[in-house]
Every structure is written in C-alpha cells, then in structure tokens.
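To start, the structure itself, in structure tokens.
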Amino acid sequence: MNQLLSSLEVFYHKLQAYHWYVKGSNFFTLHTQLESYYDEIAEQIDTVAETMLMVGQEPVSTLSEFQELSTIKEAEHGYVSGKDVLVALQADFTELCNQAKAIQAEGDVLVSPTMDALIALYSKAIWMISQSLMEE
C-alpha cells in the first residue's frame, strides 16, 4: 500500500503543477477540474494512510520515500497543453487503478472497501478523460 500512497502523493503535486501551468482552449474547464482532482486526491492520501495504520502497516511519510516508491512521475516544470495534460492524467489514473486492483486482490476485508471505492473513482476518471480526448 505504500506504493499507492506514494503514487498518490506525487500525483497530488503533479495535479497542482498542471493546474498552474495548463494552457490552451480548454484552460477554464481543465483548470477547475484539476483543482477538483487534487482536492479528491488529498482526501484519498489520508484515507489510504489511515487504512494502512488500521491494519498494522506503517505508511511512509517523507518526500524522498514518496518519490522512491511512486510509479507516477512528477510533471515537468512549465506550461503544458490541455491535451497533453489529459493524456498524462489518463495514464496516471490507469496506474492508480491498477495499483488499487492489485491491493484489492490480496483480499484483506478491512482494506477491500477502500480499494473498491478508489477503483470506482479512478475508472470514472479514466472514462471521462477518454471521452474528452475523442475527436468530434
């Protein structure tokens, strides 16, 4: 679960960077959506860490540990197009969903409900982003 926690931490900061640096014709929509995403991710970070503590695991808590364990990479500094943001978000939500599914497969009855909720959230985000990336 530390890998998921770490990936969420890095993703949170990536979302903030995109929120600040997104550009293009869909700026207004994405700027607002990115803020919504990072607010949700902040809650998920706390939920995952508390779930870990509840089942006797120790969540990592330093930036260096988060960066070492995360499978999500930081955003590059600077402006980024809305389309590039969406492509990156789709990949990152897919990665988070896969991590949650792997944890869920371990079958811990105390952890599974949390992973179920995360998988549903990530699946919806993936679907909505894929719709946004479709050409009209």
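Computed from the coordinates by the stated procedures, all read-outs in this text should not be read as laboratory data. The structure presented is a predicted model; accordingly, all values stated were derived computationally and were not measured. Because the Cβ atoms are built from the backbone with ideal geometry, glycine has one as well, and the counts that use them run over all protein chains shown.
Worth a mention:
- Tilt relative to the chain, helix 112-133 - C-alpha long axis, 0 to 90 degrees, to 10: 10 degrees
- Residue of Gln90, Gln57, Gln99 that the Gaussian network model of the chain assigns the largest fluctuation, springs spanning Cα pairs under 10 Å: Gln57
- Residue-wise HN-Hα couplings along region 92-107, as the Karplus relation 6.51 cos²θ - 1.76 cosθ + 1.60 with θ = phi - 60° gives them from phi, are 5, 5, 5, 4, 4, 4, 4, 5, 5, 5, 5, 5, 4, 5, 5, x Hz; Gly and Pro carry x.
- Once the C-beta distance of Glu74 and Leu110 is scaled by a Förster radius of 30 Å, the resulting FRET efficiency is 0.45 to the nearest 0.05.
- Region 116-136 versus region 28-77: alpha-carbon centroid distance in Å: 18 Å
- Relative to the longest principal axis of the Cα atoms of the chain, helix 27-54 runs at roughly 10 degrees.
- ³J(HN,Hα), Karplus 6.51/-1.76/1.60, whole Hz, each residue of region 58-64, x for Gly, Pro: 10, x, 5, 9, 10, 4, 5
- For the chain, modelled as a GNM whose springs connect Cα atoms under 10 angstrom apart, the maximal fluctuation among Asp92, Asp116, Asp108 occurs at Asp108.
- Residue-span extension gain [Glu58 to Ala102] - 0.36 nm each, minus C-alpha spacing: 14.0 nm
- Charges were assigned to the Cβ only: +1 to each Lys and Arg, -1 to each Asp and Glu. The resulting dipole of the chain about its Cα centre is roughly 380 debye.
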